[in-house]
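Any read-out appearing in this document is the output of simple, stated calculations on the displayed coordinates, not a laboratory observation. All of these numbers come straight from a predicted model, not from anything done at the bench. Cβ coordinates were reconstructed from backbone atoms using ideal geometry, including for glycine residues, and neighbour counts include every protein chain displayed.
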Amino acid sequence: MKKEREILEELKKYRGMDLKYEDGRILGSMCTKPHPISRKILEMFLDTNLGDPGLFPGTKMLEEEVIRMIGEMLHNRNPFGYIISGGTEANITAMRVVKKIGKGRKRDIYILIPETAHFSFEKAREMMDLNYRTIPLDKRYIMDVKYLKDYIEDNRGKIDGIVAIAGSTELGTVDNILEISKIAREHNIYIHVDGAFGGFVIPFLEEKYKLEGYNYNFDFSLDNVFSITVDPHKMGLAPIPAGGIVFRDISFKRYLDVEAPYLTETSQATLLGTRTGIGVAATWAIMKHLGAEGYREIVSQCMENTYYLVKRMKEYSFESVIDPVLNIVAIKDDNPLDTSLKLRERGWYLSTCRCVEALRVVVMPHVKREHIDRFIETLAQCKKR
Ligand SMILES: Cc1ncc(COP(=O)(O)O)c(C=O)c1O
């Protein structure tokens, strides 16, 4: 038997191999150092299990309150949803609902998704035998609304759902959900918005950071938006795991419920059974603690640093693919994979885009100006500029 002290020493060794957000070298992650208040909560809620909410009624109340707060942030006074493991589970959950509703129509399920959709939708497709039709992007790298409209008109009555993105993984783009909503209403089609990243950014984005002629509306104020993925463990600053799925109202629960004979409740709606309440309590605490003003400050700081990155890029003739919509910058590169490997050798971790030849930097709260300065100099060395 090993002594606790020895075990902790050994664990420290492993943990020491990990990268640290505060070093500012993690430039490709949508997660960040959780808000410091999380530490105490981890301990307090360590043994909570929302898979059996009758045993943890207090934590369940917190979850309902968090969903209510997120609902309010997304212009919905009557929301229903869960704080779950992440954006992947949230998107799969929404696809379960689209499939169930569509099944009533007794034909194959067809869902329209943009080229920018996160790969979690591919997992949902495999699991549920869904049929997707990929909608191309327009020159701003958002879903081509004209193509979408024509496609739906050519396939009247055959489309079950549309996925729209509010904060795409690669470029941070926001689909024109206002226009998509008008089309969906006319044809009675369900819209699921993947706001895993943008959900905790756009509501706090000051007007001065919004691009002209760009539509940032994405929430329940738009017709036919019936569900939204919004992840506290990304820009919400909550510790992992804390993803969010929010539906327009409780009527969507019946599409998710499965009989649960041995629990304190007779049914279960979430994909995961046993699930921790840590994310719920932490999200509740951070949202209460920061409030809209706190999040606004964090988002503003990330946007300022995003513009700073673009400015520093220009000094070395690096170009961004688009003017940043949110706090993500895609840097044009003729060989992004090779450049990202060279950067990794020098200790910088960032990823590449699929939809365009570019490197991608997510300017999360842990990315500061001094990190940007050092990063740009290293990038310039790698590209011999
Ligand atoms: C837009 C979007 N949706 C969903 C996900 C999946 O989230 P998670 O990794 O928390 O499952 C991501 C992850 O980066 C994302 O960017």
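Looking at the range 144-292, the pairs of alpha carbons with a distance over 28 Å make up 30% of the total.
With Cα atoms defining each centre, the range 182-240 and the range 97-126 are spaced 19 Å apart in the structure.
Among P324, A164, L309, which residue has its Cα furthest toward the positive end of the charge dipole of the chain, with +1 on Lys/Arg Cβ and -1 on Asp/Glu Cβ? Value: L309. Between E212 and V258, the contour length at 0.36 nm per residue exceeds the alpha carbon distance by 12.0 nm. The Rg/Rh ratio for the range 96-158, using Cα coordinates for both the radius of gyration and the Kirkwood hydrodynamic radius, is 0.99. Each label point was placed 7 Å from the Cα along the Cα-to-Cβ direction; for D129 and R185 their separation is 3.6 nm. Using only the Cα atoms of the chain, each taken as one equal point scatterer with no solvent, compute I(q) by the Debye sum, divide by I(0), and report log10 of the ratio at q = 0.09, 0.14 Å⁻¹. Values, matching the q order: -0.55, -1.25. Under the convention that each Lys and Arg Cβ holds +1 and each Asp and Glu Cβ holds -1, the size of the dipole of the chain around its Cα centre is about 400 debye.
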